[in-house]
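Read-outs: derived from the displayed coordinates by stated rules, not from any lab. Note that the structure is a prediction, hence the values are computed from the model and not measured. A quick note on method: Cβ atoms are made from the backbone with ideal geometry, for glycine too, and the neighbour counts reach across all protein chains shown.
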Amino acid sequence: MRLAAALLGTLLATPAWADCALDLGRGTGWVVFSEHYLMAFRPDPLRIEVGEPFALILNVCTRNGGAAELLAVDANMPEHRHGMNYRATIVAKGDGRFRAEGFLFHMPGRWEITFDVRAGDDSERLTHDIILK
Amino acid sequence: MRLLLLLVWLLAVGAVGVRAQQLLDWSSDEIRAVGQHGPWPPPPVRDPSNKVSGTPAGIALGEHLFNEPRLSGDGRMSCAKCHQAGREWSDGLAKARGAVELDRRTPSLWNVGYLHWFGWDGAGDSLWAQSIRPLLDPREMNGGPTRAGEFLRSDLAFACGYERAFGSKPGTDDERLLVDTAKALAAFQATLVSPRAPFDDFRDALVSGDRESAARYPLAAQRGLKLFIGEANCNLCHLGPRFTSGEFGDIGIPFFVRPGEVDSGRLGGLGRLAANPFNLLGKYNDDATGNNARRTRHVQRQHANFGEFRVPGLRQVGRSGPYMHNGSLATLEDVIRHYSEVSPDRLHSDGIPLVRPLGLSAEQSADLVAFLRSLDAEPLARPSPAPLCP
């Protein structure tokens, strides 16, 4: 936990990263980053319940401060090798902010959310795991 | 000698008494898992897509319509013919019998108002849209698109009941009156909530730490419940207070309905959903926000949907056989045997399979049945509905 906080602190100390708003309202949610991208997201509503629809509110940033695009977002259960029964759609809100609507996790267990992001010709897949009980 | 016999007898009775009051060890994770199957009953449900949902006048009109054979083409079949109160709102048959025998079992209506997908294949996305289907289906009530409207306009009592529920007299728009008939039917069906069962007393006692009350739950049912939420993983799909995710799964039931013909289940259901003018994306959805149409808007039709059927809730399950979408398993024991011996080759799972042969012992099978039967309770007798407009 301390290591992650220190790492995040280091990232935020870089001027371009510092421009990336991580506060999505009502708390930060989760932060995912790679060498080129930093992304914050949270569910809406905040608590994900098995069998209940939810949306994701996202903010995608690049290392050099350029515009980043969210190409696709999806979720699957790697252990069972199945995805959702639903397909999320993305609405761009400007300034690297997005809303992805149409999620529903129909089972408890580990769900892997995948985010395909792009800036220019450079695209990348970021992932984040959620354990739903 | 007599004293010795008396002592032995007292010890034996005591031992039985201790056994009857025994509570198995339940870990905090298990208690949390058991707790997720309650509390029961849940709060009454109100469907925002149906403006008469939860209204006394809508419910009263719906109950009368539910029992009304004049909605059918030959004037002899009502909803209540297949969904019988005395048979757990089903009919006890392996396959439903309308004008002809159908390929699927009549689903129970207990707790149907809490669902999001309706019918075994989920072709309906609201209870009222689902209620239109049997009214029109030539194999079932065969009422035709104008029947409900003509009936509501011509029968004084029903016309009065309609006006009370919807705020105006039945008009000339037959499609609107068909939809409103279905919305009243849905309002009534949503009131069918199954009674509290022995499991609920155990669940509440376990969660609140009342060990003495929890110990009244039979040991076999406790062992079966441990299997259900543990090794057998039944609660991955049979989850929550209603014991269902409300979604769909393929559990290895054969999908051939007759030689050369298959029931594609959810795959076909999603096709019918998209083509249905009464789905929640259409003009008859009373929810102006559109929030209740999110599932319909985002659901995706996938090849894996072939052979999937809706996961049924398990409340009153011991009283509502036969089982599976096609009524192919006669008893609860048959159902447990199916899960114990199901062929993994039939299920085509790439990852960790959700359904696998459990290889249960005879005692484990009996324990699971004991648990499932603890979800049963005797419903209160229903009074006859009050007159629509006395």
Kyte-Doolittle mean at least 0.0, axial Cα span of 20 Å or more - DSSP H helices of chain B: B:2-20, B:174-189
Cα gyration tensor category, rounded, prolate or oblate, for segment B:121-237 with a/c compared to 1.5: prolate
Three-way shape call for the protein assembly as shown based on the alpha-carbon gyration tensor, with the a/c threshold at 1.5: oblate
Point-charge dipole on Cβ atoms (K/R +1, D/E -1) for chain B, about Cα centre, debye to 20: 360
For residues of B:30-38, the mean tally of beta carbons on other chains within 10 Å: 1
In the protein assembly as shown, lysine pairs closer than 25 Å at Cα, eight or more apart or cross-chain: 9
Cα gyration tensor, segment B:56-189 - rounded (a/c under 1.5), prolate or oblate: prolate
Residue (of A:Tyr86, A:Phe115, A:His128) at the positive-pole extreme of segment A:65-129, dipole from beta-carbon charges: A:Tyr86
Footprinting exposure proxy for B:Asp25, B:Asp286 (fewest neighbouring C-beta atoms within 10 Å first): B:Asp25, B:Asp286
Residue exposure sequence - A:Ile90, A:Ile113 - by fewest surrounding Cβ within 10 Å: A:Ile90, A:Ile113
Top positive-direction residue, dipole computed over the protein assembly as shown with Cβ charges, set B:Gly260, A:Phe41, B:Ala80: B:Ala80
Average partner coverage of B:304-311, which counts Cβ from other chains inside 10 Å: 1
Positive dipole terminus of the protein assembly as shown, leading residue within B:His64, B:Ser90, B:His303 (C-beta point charges): B:His64
The protein assembly as shown, dipole about Cα centre (Lys/Arg Cβ +1, Asp/Glu Cβ -1), debye to the nearest 20: 900
Tail weight of P(r) past 35 Å, computed on alpha-carbon pairs of chain B, percent: 33
Rounded to the nearest 20 debye, dipole of segment B:33-153 from Cβ charges on Lys, Arg, Asp, Glu: 140
Footprinting exposure proxy for A:Phe54, A:Phe115, B:Phe371, B:Phe306 (fewest neighbouring C-beta atoms within 10 Å first): B:Phe306, A:Phe54, A:Phe115, B:Phe371
Where no second cysteine Cβ lies under 4.7 Å, the cysteines concerned in chain B: B:Cys79, B:Cys82, B:Cys234, B:Cys237
